[in-house]
Amino acid sequence: MSKNPQATKEEAEFAKPLLVPIKRRSFFMYAGATAGATALLLSGCDDDDNNGSSDPAMVNVGSGDVGVLNYAYALEQLEAAFYTKLRDGAYYKGLPATSAEKQILDDLYYHEVIHREFFKAAITAAPATPIKDLTPDFSTINFDNKASVLGTAKAFEDLGVAAYNGAGKYITTPLYLVIAGKIVSVEARHAALIRDLVTEGSFVDSDVVSIATASIEISKEPSAVAMTANTYLATGSKLDVSGIK
């Protein structure tokens, strides 16, 4: 927390739109969102904010720290869109109102929407230019089917964890690295919850943790993450992350 009264006041104003839904949600949601808001506000942002792409059919996230923030913003957009869409499906609508499964999906929906809006506000306040609103393509997902919904949720959450782990080395501002570390811990909780809904006790399986070697979570380069994410994005919204290096 800042010791500067003026900075503290600004932080409170900045985080205000995030705090209303956070009060209704679980602790892990609060930890990720507010930590990010505070840390980002305390740091400046002087990196490249060029979102232009050499390929007009793709969305270039840019380079430098802003590129990484836009990269995270893109992934949060995709996750928020997924959890928004699943609430219209027969699988979600058929869940008992008080079931743990429904409450978990509700929590993840609110959390990903909060993250999406947070990154957009933070990049704008930097000041820099957020990438455009992305158009998802969920045509391969059956939102009426439990296995399809939870399988995709698992894929998105695992991808998010690997993405933050893999992008950390490209962050040059120490406070941004702190943010990434806190948010990835939240995303890992998401992944663990979903993986346990799919198969109990699978949250440390070898497809997400290198059990046979270093026993650490698997990380992925932005190029590998974008390749997967782009399968769920419509033409004109697919990501170009070549500037992150």
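The values are calculated or read from the model by the stated rules, or taken from the named source; none is laboratory data. The structure presented is a predicted model; accordingly, all values stated were derived computationally and were not measured. Here the Cβ positions follow ideal geometry from the backbone for every residue, glycine too, while neighbour counts run over all protein chains shown. Only protein heavy atoms, including side chains, enter the accessible area calculation; ligands, DNA and RNA are left aside. Shrake-Rupley method; radii C 1.70, N 1.55, O 1.52, S 1.80 Å.
Given G236, G181, which one is more than 12 Å from the chain's Cα centre (by Cα) and on the phi > 0 side of the Ramachandran plot?
Residue meeting the stated conditions: G236.
Looking at the stretch 114-152 only, could you name the residues that are among the aliphatic types (A, V, I, L, M), at pLDDT 95 or above and surrounded by fewer than 19 Cβ atoms within 10 Å (Cβ to Cβ)?
Of everything in the stretch 114-152, just one residue is among the aliphatic types (A, V, I, L, M), at pLDDT 95 or above and surrounded by fewer than 19 Cβ atoms within 10 Å (Cβ to Cβ), namely A147.
Can you find even one residue in the stretch 200-223 that is more than 23 Å from D65 (Cβ to Cβ), surrounded by fewer than 17 Cβ atoms within 10 Å (Cβ to Cβ), among the aliphatic types (A, V, I, L, M) and touching a residue at least 24 places away in the same chain (Cβ under 8 Å)?
Within the stretch 200-223, one or more residues are more than 23 Å from D65 (Cβ to Cβ), surrounded by fewer than 17 Cβ atoms within 10 Å (Cβ to Cβ), among the aliphatic types (A, V, I, L, M) and touching a residue at least 24 places away in the same chain (Cβ under 8 Å).
With (1) in contact with a Phe, Trp or Tyr (Cβ under 7 Å, 6 or more places away or on another chain); (2) open to solvent by 30 Å² or more (accessible area, probe 1.4 Å) as the list, and A155 as the residue in question, which single condition is left unmet?
Of (1) in contact with a Phe, Trp or Tyr (Cβ under 7 Å, 6 or more places away or on another chain); (2) open to solvent by 30 Å² or more (accessible area, probe 1.4 Å), only one is false for A155: (1).
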